[in-house]
Each structure stands twice: as structure tokens, then as C-alpha cells.
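For reference, the structure discussed in these notes is given below.
The values are calculated or read from the model by the stated rules, or taken from the named source; none is laboratory data. Computed from a predicted model, the values in this text were never measured in an experiment. Quick reminder, even Gly has a Cβ in these numbers, built from the backbone with ideal geometry, and neighbours come from all protein chains shown.
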Amino acid sequence: MTSAPSPPSPLRSPRRALFVDRDGTLNPDLHYLKDADRLELFRGVGDSLALAHDHGYLVICVTNQSGIERGLYGPDDVDRIHARLNERLRPFHAAVDAFYYCPHAPGSECACRKPGTALFEQARDDWAIDFGSSAVIGDRALDVEAGRRLGLLTAHVTPFGHRHEGEQELVDRGVVPDLRSDSFPLAVYRVLARG
Ligand SMILES: [Mg+2]
Ligand SMILES: [Zn+2]
């Protein structure tokens, strides 16, 4: 599922994208967030996403929202949260260009729940994205796994105070990211330095 402004002509040359996870990456993970009024961004997210745009990256958010299939909230709630997220970014002259989300629960065997790659591939087709010059930043091993499958530069970010759990999950799943950081802005700067 997607909520996006009209994509550009597919005839335009391939572009690079910064794929970002949502919960635990852009905003504290409040677990099945339903109420947009509770959304907060981590410090530095606005400025760093503006910088990504300045460097020519599209910013595409890909997020697992199993709370929909679990009946905890609906697509309208998710759309409101994404609209609010972009409102919060506006003072920084930053924006997420498009949001793609999987509404399914684990075990539903859909292709879109990360580490499945279907939403990334849909974004590639919608926006003429070149995976080889693109990157993904996320706080979970499944974000890194999806990026690896697609040949993206992968950056793992561990929110402040959760470093140990984040690192342990990578070890348990045998996933090795290209870059590691304990803050989102630093992850963005490192991606841009590689680009
Ligand atoms: Mg996350
Ligand atoms: Zn799905």
C-alpha cells in the first residue's frame, strides 16, 4: 500500500533514494502507534533529511504496520501519522517523498513485509530509482536484510539507549550492515559521505 504524491515520469533518468524505516528510526517506537498527536521525531531527523534532499536523494519511507491486520488501527490512522510526520518536517524544509507500508501480520507470507522487498521494488518502479546508488537506514535487522537483498548500501541505527538490543539482533540473525550508527543524523551523514 502506498500514499504518495504523483510520481514523476518514468522516462526520467534513474535516481538515487534514501530508504528509511519509520518506527525506531525517524521516531521513537511507541509500539502500534495509532494517534498522530503522539508522534515525535528523533533529534536531527529534519535537518538530516533536508541534507539528503540537497544531495539529490529521494526520501522514501518503507514501514511494517502489522497493527492494521491485527485490528489495532486502520489505514486512515497510518495516513494521518504520515501526514503529521511531514508536517513536523516542514519547518526544516524536509519531507518524506513517499510512504509505503505493509499492513500484514508476521506469518501472513506476503511479499511486502520487510525483510520482503516488494515495497522497495514498487518504489523503484514508481520513482525510477537506481538501487545501486541508493541506501537504506533502519533500526532492525530486517531493514538491513531487505537492503542486502536489493544491493543497497545498508546503515543500521540503534536509538539512544537501545544499542545492546540492536547489536544483538544483528548477531542473532547473522546480518552485517555496511554502516553502524547510534543516531539517525550520523547515519545519514555517513551515507552521504559514501555517495
Ligand atoms: Mg523500526
Ligand atoms: Zn505485507
Quick count over the stretch 79-107, residues being at pLDDT below 95 and closer than 14 Å to residue 63 by Cα, is 1
Filter the stretch 110-125 down to residues that are of a type outside the set (A, V, I, L, M), buried (at least 18 other Cβ atoms within 10 Å of the Cβ) and away from ligand 2 (no atom under 13 Å from the Cβ), then give me how many there are.
-> 1
Selection count where residues are out of contact with any Pro (no Cβ under 8 Å at 6 or more places or on another chain), under 17 Å from residue 114 (Cβ atoms) and not aliphatic (A, V, I, L, M), scope the stretch 164-177 | 5
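Pick out the one residue from 146, 128, 111, 123 that is over 21 Å from residue 40 (Cα atoms), within 16 Å of ligand 1 (Cβ to nearest atom) and small (Gly, Ala, Ser).
146
Among the residues in the stretch 21-38, are any basic (Lys, Arg), under 23 Å from residue 152 (Cβ atoms) and within 16 Å of ligand 2 (Cβ to nearest atom)?
Within the stretch 21-38, one or more residues are basic (Lys, Arg), under 23 Å from residue 152 (Cβ atoms) and within 16 Å of ligand 2 (Cβ to nearest atom).
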Restricting attention to the stretch 144-178, which residues are closer than 22 Å to residue 124 by Cα, assigned to a loop (DSSP other than H, G, I, E, B) and either without any contact (Cβ under 8 Å) to a residue 40 or more places away in the chain or β-branched (Val, Ile, Thr) (or both)?
-> 151, 177, 178
Residue 128 vs (1) aliphatic (A, V, I, L, M); (2) surrounded by 16 or more Cβ atoms within 10 Å (Cβ to Cβ); (3) on the phi < 0 side of the Ramachandran plot: all pass except (3)
